[in-house]
1. Is it fair to say ILE141 is β-branched (Val, Ile, Thr), surrounded by 14 or more Cβ atoms within 10 Å (Cβ to Cβ) and under 26 Å from LYS28 (Cα atoms)?
2. Those residues that are of a type in the set (Gly, Ala, Ser) and within 16 Å of the chain's Cα centre (by Cα), I need them from segment 121-163; list them, please.
3. Does segment 310-329 contain any residue that is touching a residue at least 24 places away in the same chain (Cβ under 8 Å), within 23 Å of SER77 (Cβ to Cβ) and in contact with a Ser or Thr (Cβ under 8 Å, 6 or more places away or on another chain)?
4. Testing ALA314 on (1) farther than 21 Å from ASP113 by Cβ; (2) touching a Pro at 6+ places or on another chain (Cβ under 6 Å), one condition comes back false. Which one is that?
5. Within segment 128-152, track down each residue that is closer than 25 Å to VAL76 by Cβ and touching an Asp or Glu at 6+ places or on another chain (Cβ under 9 Å).
6. Of the conditions (1) surrounded by 21 or more Cβ atoms within 10 Å (Cβ to Cβ); (2) assigned to a helix (DSSP H, G or I); (3) among the small types (Gly, Ala, Ser), ALA22 clears all except one; give me its number.
7. So which residues in segment 245-254 are surrounded by fewer than 20 Cβ atoms within 10 Å (Cβ to Cβ) and part of a strand (DSSP E or B)?
8. Considering each of ALA118, ALA114, ALA157, ALA95 in turn, give the residue that is among the hydrophobic types (A, V, I, L, M, F, W, C) and closer than 21 Å to VAL204 by Cα.
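The values are calculated or read from the model by the stated rules, or taken from the named source; none is laboratory data. Not measured: the values here are computed from a predicted model. Note that we place each Cβ from the backbone using ideal geometry, even for glycine, and neighbour counts take in every protein chain shown.
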Amino acid sequence: MNQPKLRYALIGCGRISRNHIAAVFNHKNDLELCAICDLVPGRMEALLGAFDEDLSTVRRYTDYREMLEKESLDLVSIATESGKHAAIALQGIAAGCHVIVEKPIALSLADADAMIQAAERKGVVLCACHQNRFNRSIQKIRSAVESGRFGKMLHGAAHIRWYRGSQYYKQAAWRGTWEQDGGALMNQCIHNIDLLRWMLGDTVEEVMAYTDRLAHSYIEAEDIGLALVKFHNGAYGLIEGTTNVFRENLEETLYLFGEKGTAKAGGKSVNVIEEWRFGDGIDTAEAVKEQFRDNPPNVYGFGHTPLYGDVIHAIRSKAQPYVDGNAGRRALELVLAIYRSAAEGKPVRLPLSQCATVDFQGRF
């Protein structure tokens, strides 16, 4: 028997919003797009105008609180500036909505904890939108991790070598601010930082880092971050993230090195397996690289549609989503630990209980 569609709305109609709406249309048997919300009406019209669907019945709001009150929604996605994620999510949860939150889940650990606890109390799904976990390439690598094909994990590296110029920051005043965004690591690099932590065992013992603002004097936060991460299982992680690469994005890569295997994912959004070396003979590098070479047209990748499918399944089955609030918190915690280590000039031990991007105002 078919279940009724989940009533859905999107809050925030910026750069990433098209991926969310496209994912909704890719699950049109399960989701009904009821409403969208943005402070700027023109952004809502531009978003809906990008699709061939008849969207005349989709209601537009400039106040998300009014939308939550009037619409009786089942699922809400939040794609606003990062500093508003927590407040909107908490109100959505209080209204009984399941919630997908764009990365980062919040800008403070206190807010992330409040969101996780509120969702648990209300019995709703809270999903952190780290959609690259659903990349076919990443799922292939993850299956090798979970089946032990790497043997003992030795180290890994996440490189995010991108470009963001003044025009990007001029498009929205919140970008690059400590209160509403953070810098390159929190905004552009957190997806790959999430993957590195997830693949190398999740439990981090210590972080040593440098951050700086080298080429963007008009923002508050960093445009480069370099970190060494020590994991509880003995593995080490390297993180290099920057928005200073000359004039265009160069690459996003994830390397994993184990006693019995090596893997590298690259391309625009770690969608391409570029190296695959294992001693067990289960498959060949040529076959794997041929099969896993989806390269998306932009850095947002193909992951939103499977992430939405997973959230729908979690809601229907009353289960936790594949990327839950705790996963989002772990990615946030690692970035904040990098910020703290760089600011204090010394290693930082994890877990962190309290830390926020606003702690680093005036850093540069």
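1. Details: β-branched (Val, Ile, Thr): yes; surrounded by 14 or more Cβ atoms within 10 Å (Cβ to Cβ): yes; under 26 Å from LYS28 (Cα atoms): no.
No; evaluated as a whole, the condition is false for this residue.
2. First pass over segment 121-163, keeping only residues of a type in the set (Gly, Ala, Ser): 123, 128, 137, 143-144, 147-148, 151, 156-158.
Those that are of a type in the set (Gly, Ala, Ser) and within 16 Å of the chain's Cα centre (by Cα): ALA128, ALA158.
3. The answer is no; no qualifying residue exists.
4. It fails just one condition, (1).
5. Filtering segment 128-152 down to residues closer than 25 Å to VAL76 by Cβ leaves 128-135.
Correct list: ALA128, CYS129, HIS130, ASN132, ARG133, PHE134, ASN135.
6. Among (1) surrounded by 21 or more Cβ atoms within 10 Å (Cβ to Cβ); (2) assigned to a helix (DSSP H, G or I); (3) among the small types (Gly, Ala, Ser), ALA22 violates only (1).
7. Of all residues in segment 245-254, those surrounded by fewer than 20 Cβ atoms within 10 Å (Cβ to Cβ) come to 245-251.
Correct list: GLU251 only.
8. On the way: ALA118 fails: closer than 21 Å to VAL204 by Cα; ALA114 fails: closer than 21 Å to VAL204 by Cα; ALA95 fails: closer than 21 Å to VAL204 by Cα.
Among ALA118, ALA114, ALA157, ALA95, only ALA157 is among the hydrophobic types (A, V, I, L, M, F, W, C) and closer than 21 Å to VAL204 by Cα.
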